[in-house]
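What follows is a set of notes on a single structure, which appears directly below.
The values are calculated or read from the model by the stated rules, or taken from the named source; none is laboratory data. Because the structure is a prediction, the values reported are computed rather than measured. Glycine gets a Cβ as well: all are built from the backbone with ideal geometry, and neighbour counts include every protein chain shown. Ligands, DNA and RNA are stripped out before the accessible areas are found, and what is left, the full protein with its side chains, is counted by its heavy atoms. Shrake-Rupley method; radii C 1.70, N 1.55, O 1.52, S 1.80 Å.
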Amino acid sequence: LQRFTEDDGITGVTSNPSIFEKAIAGSQDYDSAIRALALEGRSIDRIYNVITVEDIQRAADLFRPIYDRLNGADGFVSLEVSPYVAHDTAGTIEEARRLWAAVARPNVMIKVPGTLEGLPAIQQLIGEGININITLLFGLPRYRQVVEHFMAGLETLTAQGKSPKSVTSVASFFLSRIDVLLDPMLEALIVTDPSKSDAAHDFRGQVAILSAQAAYQMYKELFESERFRKLKLQGARPQRLLWASTGTKNPAYSDLKYVEALIGPETIVTIPLETLTAYRHHGKPVSRLTSGAAGQSQKTLQRLGEMGIDLDAATAQLENEGVKKFVKAFDLLMHALEEKRMAAVRSLADLSTVNPGVKV
């Protein structure tokens, strides 16, 4: 990670249940830590909390010089609340507060799903001065709600006489999954409906990019508003857009499809290692997000409805599926932790059988 910051200009990292599941269950890197905690009699919940918080603290400390040098503009590490509270406002607030206090670093962001129940949690947590990364965003109407709750949180903070300067937030728009869901619908129209075939062909593989471009236009509109101008005068930072799910799922598309098209001012991209390697090899760093065509993306998306495709319904489906995927990954992770914990306990029990002087 240190090498990536030095050689590639990486200025932050993110985590989620799927990433931790692959790292912990799919390697032996954490086995010694799990074993030590298991032999202390820790539960799997406690083991999970200890190793994830320590990971995030180490990463935050590595990025702290960047955070300090840029006056808090970058250098963040994100840690997600349990997916089990994605539809529980009070549970999300409690979990976010606990993680914020446990990590105890100014350059950490707590990830809160952008579900309907997550909206009041976002407002409450921002109002308490906690950095928030809103995750699992797919739809434009929900994005607008997220920004409104973010601003309301800042207004709560300033009404208490506190400065918003140190509060940072990002809104993470998930991209490739949109095309994974909609491309088969468009391909069906290409085959079955000649009157819609040309338009469906134009939209194939483009809805995610168009949605991101429309979100960026919305971002500029909302953060150039009079409402935010008042907050900015008190030191508030805009909630930047972050592009997530940028690994290309369809091998027929460019491996940098969801990266290169969305390079623009004040945006962030999170990319998997394979995509970073590809970008290092053949990426072309040119700002494209502010091109003339990008400014028409919202109008272009309206044509989907004329073709019988409900984009809002599709993004609501993706949100629900995203939560379920994180729950599944979290369950797999906890199962793997339990297996490793029990293996450590059994090994000590076996040792006590050989050497009666060892107490379990």
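Does the stretch 66-78 contain at least one residue that is in a helix (DSSP H, G or I), of a type in the set (A, V, I, L, M) and farther than 26 Å from A344 by Cβ?
Taking every residue of the stretch 66-78 in turn, at least one turns out to be in a helix (DSSP H, G or I), of a type in the set (A, V, I, L, M) and farther than 26 Å from A344 by Cβ.
Report, ordered by the first and then the second residue, all pairs with beta carbons closer than 6 Å, sequence separation of six or more or different chains, a first member in the stretch 119-132 that is at pLDDT 95 or above, and a second member that is among the aromatic types (F, W, Y) and assigned to a loop (DSSP other than H, G, I, E, B).
none
When the residues of the stretch 186-208 are narrowed to those that are of a type outside the set (F, W, Y) and touching a residue at least 60 places away in the same chain (Cβ under 8 Å), which ends up nearest to L289 (Cα to Cα)?
V207
Looking at the stretch 43-85, which of the residues that are of a type in the set (G, A, S) and more than 17 Å from I268 (Cβ to Cβ) is surrounded by the fewest Cβ atoms within 10 Å (Cβ to Cβ)?
Here the answer is S43.
Of the residues S166, S172, only one is closer than 22 Å to I132 by Cα, open to solvent by 10 Å² or more (accessible area, probe 1.4 Å), among the small types (G, A, S) and under 25 Å from the mean Cα position of the chain (by Cα); which?
S166
Taking M151 as the residue in question, decide whether it is in contact with a helix residue (DSSP H, G or I) (Cβ under 9 Å, 6 or more places away or on another chain) and either over 26 Å from K220 (Cβ atoms) or in contact (Cβ under 8 Å) with a residue 24 or more places away in the chain (or both).
Spelling it out, M151 is indeed in contact with a helix residue (DSSP H, G or I) (Cβ under 9 Å, 6 or more places away or on another chain) and either over 26 Å from K220 (Cβ atoms) or in contact (Cβ under 8 Å) with a residue 24 or more places away in the chain (or both).
Just the residues that are under 17 Å from the mean Cα position of the chain (by Cα), touching a residue at least 60 places away in the same chain (Cβ under 8 Å) and open to solvent by 10 Å² or more (accessible area, probe 1.4 Å), please, taken from the stretch 86-108.
H87
Could you tell me how many of the residues in the stretch 268-317 are open to solvent by less than 40 Å² (accessible area, probe 1.4 Å), under 30 Å from T192 (Cβ atoms) and among the aliphatic types (A, V, I, L, M)?
Residues that pass the stated criteria total 6.
Of all residues in the stretch 71-85 being hydrophobic (A, V, I, L, M, F, W, C) and free of Cβ contacts under 8 Å to residues at least 40 places away in the same chain, which is farthest from N320 (Cα to Cα)?
Among those that are hydrophobic (A, V, I, L, M, F, W, C) and free of Cβ contacts under 8 Å to residues at least 40 places away in the same chain, it is V81.
Which condition from (1) open to solvent by 50 Å² or more (accessible area, probe 1.4 Å); (2) at pLDDT 95 or above is the one that G26 breaks?
(2)
Look at L241 and say whether it is under 30 Å from I126 (Cβ atoms), buried (at least 19 other Cβ atoms within 10 Å of the Cβ) and more than 24 Å from the chain's Cα centre (by Cα).
Considered against the rule, which asks whether it is under 30 Å from I126 (Cβ atoms), buried (at least 19 other Cβ atoms within 10 Å of the Cβ) and more than 24 Å from the chain's Cα centre (by Cα), L241 comes out as no.
Of the residues V146, V103, V53, V112, which single one is closer than 21 Å to I19 by Cβ and touching a Gly at 6+ places or on another chain (Cβ under 8 Å)?
Checking each option against the conditions leaves just V112.
Give me a count of the residues in the stretch 209-222 that are closer than 19 Å to V269 by Cβ and free of Cβ contacts under 8 Å to residues at least 40 places away in the same chain.
1
State yes or no: is E338 surrounded by fewer than 19 Cβ atoms within 10 Å (Cβ to Cβ), modelled with pLDDT of 95 or more and in a helix (DSSP H, G or I)?
no
Does the stretch 249-267 include one or more residues that are open to solvent by 60 Å² or more (accessible area, probe 1.4 Å), under 20 Å from the mean Cα position of the chain (by Cα) and not charged (D, E, K, R)?
Scanning the stretch 249-267 turns up at least one residue that is open to solvent by 60 Å² or more (accessible area, probe 1.4 Å), under 20 Å from the mean Cα position of the chain (by Cα) and not charged (D, E, K, R).
Quick check on this structure: which one of F223, F228 is crowded, with 16+ Cβ neighbours inside 10 Å, in contact with a Leu (Cβ under 9 Å, 6 or more places away or on another chain) and at pLDDT 95 or above?
Only one candidate passes the filter, namely F228.
Can you find a residue in the stretch 131-141 that is open to solvent by 10 Å² or more (accessible area, probe 1.4 Å) and either closer than 27 Å to V103 by Cβ or in contact with a His (Cβ under 8 Å, 6 or more places away or on another chain) (or both)?
Within the stretch 131-141, not a single residue is open to solvent by 10 Å² or more (accessible area, probe 1.4 Å) and either closer than 27 Å to V103 by Cβ or in contact with a His (Cβ under 8 Å, 6 or more places away or on another chain) (or both).
Are any residues in the stretch 1-23 among the hydrophobic types (A, V, I, L, M, F, W, C), surrounded by 13 or more Cβ atoms within 10 Å (Cβ to Cβ) and farther than 16 Å from A336 by Cα, and if so, which ones?
Residues satisfying the conditions are F4, I10, V13.
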